[in-house]
1. If I filter the stretch 238-249 for residues that are over 18 Å from LEU133 (Cα atoms), in contact with a Leu (Cβ under 8 Å, 6 or more places away or on another chain) and of a type in the set (D, E, K, R), do I get at least one hit?
2. Looking only at the stretch 324-371, filter to residues that are farther than 17 Å from HIS271 by Cβ and of a type in the set (D, E, K, R); which one of those is modelled with the highest pLDDT?
3. Conditions first: (1) within 24 Å of GLU140 (Cα to Cα); (2) open to solvent by less than 20 Å² (accessible area, probe 1.4 Å); (3) not small (Gly, Ala, Ser). LYS62 passes all but one, so which condition is the exception?
4. Looking only at residues in the stretch 14-44 that are under 15 Å from ILE138 (Cβ atoms) and either among the acidic types (Asp, Glu) or buried (at least 17 other Cβ atoms within 10 Å of the Cβ) (or both), which one is modelled with the lowest pLDDT?
5. Consider LEU258 carefully, then state whether it is more than 20 Å from MET303 (Cβ to Cβ) and among the aliphatic types (A, V, I, L, M).
6. So which residues in the stretch 300-320 are in a loop (DSSP other than H, G, I, E, B) and either over 17 Å from HIS271 (Cβ atoms) or open to solvent by less than 70 Å² (accessible area, probe 1.4 Å) (or both)?
7. Residues of the stretch 38-81 being closer than 24 Å to ASN215 by Cβ, assigned to a strand (DSSP E or B) and more than 22 Å from the chain's Cα centre (by Cα), which ones?
8. If I ask for residues that are in a strand (DSSP E or B) and either of a type in the set (Asp, Glu) or free of Cβ contacts under 8 Å to residues at least 60 places away in the same chain (or both), which ones from the stretch 240-279 would you list?
Amino acid sequence: MPSFSAAQTSDPADAPTGEEADFDLEIVDVDVELIDGSVVPMYAFAHTGKTPTIPGPILRVKQGDTVRIDIRNSSSRSHGFQILGQDNASASGLEPSEGDGEDKARIEFVATKPGTYFYVDGDNMPINRVLGLHGALIVEPKNGFADGAARKKPMPYAPASSASIKSLFGALGEAAIGGKPARFPGKAWQAGREYIWIFNQIDPVLCRRVAAGENFSASDFQEQFHPRYFTINGLCGLDSAHDKATCPTGNTGEPALLRTMNAGLATHSPHIHGNHVFVLTQSNANGVPVYQQDLFEHDVWLMPPMMVKDVLLPFTAPPDIPPAPWRMSQEKYPLRYPMHCHNEISQTSAGGSYPMGLVTDWHIDGPLATS
């Protein structure tokens, strides 16, 4: 089977292409080594000819782009492909390819509203999806700017998305006005300052039974599903906590966008220490992002199966960090805070404290810039 990479990495083929975007994807069988050394058979997406990943490669387009995706099934079983929330973006019943022929399926669609979307194997749901065939499509705005007090500021959505979202991004990095402290001192959000967190769960017993040829109905699979590993971008425990692509970093006052997605069957409740977050979008039943009209600070946000939520991590100064002239004597930068799931099952999986659980870190590398 092909070599396998769990960490999500960028690739030149992922970059926005303007008015057209073309991708060439392949579905393959993989053997995945987990954090404890166990190896389980799963499926994965890959840019054709490149290393497969779980989740699949990030696909980036702009609103209004004509998107073409060629899908080749190099797995031993039939599969499909579907982008939830986009019209005319699915293919079904892709039989295993033979040799190097051009036996591919093509989907073509026009990218709609900016936001975060799931692409999955839409056949044999939810089994193929949970066994690795899932990834993120990011639709970026053609004109993503919010009006700040002094100038237009970047935002990841179109200006008409939500008055509250536009106001929030406009407030980022504003200076104090009339002696009133700035709510979000520091910098405006910078395009590209984002992290994609795709949650999943792995039941190694069911992975091996499917690979051995057993066929499950959706209800039987869900009834017998007992996850032992709770992953974020294919990693868990110390592996995910030390993964640079997963851990948000930056100085105080450098907000980051977190695109959070749950491909699995268990509900998660992510909780970040040190800051609250603002939930900006929430997918509806069809996978379309719904821009939130009322924004609140969240200590925990709920992620049931197939939920997609974009949240803003403001990178504000945590309340336990004393301001000058009280110099810190015990804590020095970088400050490290955990993100973990408040769902008990993912905290105690395999009988311990997060050995296979959903956890990562975020780091504040330095204080608020003064100039």
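The values are calculated or read from the model by the stated rules, or taken from the named source; none is laboratory data. Owing to the predicted nature of the structure, the values given are computational and were not obtained by experimental measurement. Note that we place each Cβ from the backbone using ideal geometry, even for glycine, and neighbour counts take in every protein chain shown. Note: areas computed on protein heavy atoms with side chains; ligands, DNA, RNA excluded. Shrake-Rupley method; radii C 1.70, N 1.55, O 1.52, S 1.80 Å.
1. Residues of the stretch 238-249 over 18 Å from LEU133 (Cα atoms): 238-249.
Next, from what is left, pick out any that are in contact with a Leu (Cβ under 8 Å, 6 or more places away or on another chain): 240, 243, 246, 248.
From what is left, the residues that are of a type in the set (D, E, K, R) are 243.
Scanning the stretch 238-249, I find at least one residue that is over 18 Å from LEU133 (Cα atoms), in contact with a Leu (Cβ under 8 Å, 6 or more places away or on another chain) and of a type in the set (D, E, K, R), so the answer is yes.
2. Among them, the one singled out is ASP365.
3. Every condition holds for LYS62 apart from (2).
4. The residue in question is ASP14.
5. no
6. Looking only at the stretch 300-320, we keep the residues that are in a loop (DSSP other than H, G, I, E, B), and these are 301-302, 304-307, 314-320.
The answer is TRP301, PRO304, PRO305, MET306, MET307, PRO314, PHE315, THR316, ALA317, PRO318.
7. VAL39, VAL40, PRO41, ARG72, ASN73, HIS79
8. As a first pass, look at the stretch 240-279 and keep what is in a strand (DSSP E or B): 249-250, 256-262, 268, 270-272, 277-279.
Correct list: VAL277, VAL279.
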